[in-house]
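Engineer: My structure is below; once you've seen it, I'll send some questions.
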Amino acid sequence: MPVISVVRDAQARTLTVTARFDAPIGRGWQVWSDPRQLERWWGPPTYPATVTEHDLAPGGTVAYAMTGPEGDRHRGWWRVRAVDPPRTLEFEDGFADADGKPSPDTPTAVIRVVLSELAGDATQMTITTAWASVEAMEQMLAMGMEAGMTAAVGQIDALLNLPAQA
């Protein structure tokens, strides 16, 4: 499994998942920048995602729906805050209602992705999720976010072994 560490920091209100992949940084970036690749891993294995909107420019939006094993759908959105391909991406992340509008019932988080080149054409990916309050963090962790994010990132390795898509 490519995940090498998962760190909860209640004081900083963050969850940081770090993974290492045997692929160059540009290939690692594609799993974020290509919506077809993103939907193959964004979501735990039993909740595959369908990306319906994908604009990684600052101010852009990514919209998606994850479908569970019983057919249940969970919508989500990103509001892109910063992007510096192929090294960093930062976005606000939240759940959406059935119409795709941000849900007022669940907290949002800011997710910062940093890709770093390692020796041997490998890449380290660090995904840090930060919440505005400890209560927001606890709510999302109670919903299974840590296990879900770890399982989702665990799917990237197999995707990177497929031929790159333009």
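Engineer: Report the full-extension gain for the segment Glu138 to Thr61: residue separation times 0.36 nm, less the Cα-Cα distance, to one decimal in nm. Mind showing how you got there, number by number?
Structural biologist: On the way: separation 77, 0.36 × 77 = 27.72 nm, distance 2.58 nm.
My answer for the length gained is 25.1 nm.
Engineer: Using a 1.4 Å probe, what is the accessible area per residue for the chain, in Å²?
Structural biologist: Accessible surface, normalised per residue, equals 49 Å².
Engineer: Summarise the accessible area of the range 14-152 (1.4 Å probe, protein heavy atoms) by the percent that is carbon and sulfur. Working shown, then result.
Structural biologist: Values: 3290 of 6320 Å².
Percent of accessible area from carbon and sulfur atoms in the range 14-152: 52.
Engineer: What shape does the range 111-153 have by the C-alpha gyration tensor, where a ≥ b ≥ c are the square roots of the eigenvalues, rounded means a/c under 1.5, and otherwise prolate means a/b greater than b/c and oblate the rest? Working shown, then result.
Structural biologist: Values: a/c = 5.48, a/b = 2.17, b/c = 2.53.
Oblate, since a/c reaches 1.5 and b/c is not below a/b.
Engineer: How much FRET efficiency would the formula 1/(1 + (r/R0)^6) give for Thr46 and Ala98, where r is the Cβ-Cβ distance and R0 is 30 Å, rounded to 0.05?
Structural biologist: Values: r = 21 Å, r/R0 = 0.69.
So the FRET efficiency works out to roughly 0.90.
Engineer: Where a ≥ b ≥ c are the square roots of the eigenvalues of the C-alpha gyration tensor, would you call the range 33-92 rounded, which needs a/c under 1.5, or, failing that, prolate if a/b is larger than b/c, or oblate? Don't skip to the end; give the middle numbers.
Structural biologist: Numbers: a/c = 2.71, a/b = 1.99, b/c = 1.36.
Taking the square roots of the gyration eigenvalues as a ≥ b ≥ c, the range 33-92 is prolate.
Engineer: Also, quick follow-up: Using label points projected 7 Å from each Cα along Cα→Cβ, tell me how many nm separate Glu70 and Ala12, to one decimal.
Structural biologist: 3.7 nm
Engineer: I need the shape label for the range 1-116. Rule: rounded when a/c is under 1.5, else prolate if a/b > b/c, else oblate, with a, b, c from the alpha carbon gyration tensor.
Structural biologist: Numbers: a/c = 1.34, a/b = 1.29, b/c = 1.04.
Rounded, since a/c falls under 1.5.
Engineer: Can you give the calculated 222 nm mean residue ellipticity of the chain, where each DSSP H run of n ≥ 4 adds -39,500 (n - 2.57) and the sum is split over every residue, rounded to the nearest 500 deg cm²/dmol?
Structural biologist: Values: 5 runs with 36 residues, N = 166.
It comes out at -5500 deg cm²/dmol, rounded to the nearest 500.
Engineer: Give me the distance in nm between label points sitting 7 Å out from Cα along the Cα-to-Cβ direction at Ala119 and Arg20, one decimal.
Structural biologist: 1.1 nm
The values are calculated or read from the model by the stated rules, or taken from the named source; none is laboratory data. Because the structure is predicted, anything quoted here is derived from the model rather than measured. Note: ideal-geometry Cβ built from the backbone for every residue, glycine included; neighbour counts use all protein chains shown. Heavy atoms of the whole protein, side chains included, go into the accessibility calculation; ligands, DNA and RNA do not. Shrake-Rupley method; radii C 1.70, N 1.55, O 1.52, S 1.80 Å.
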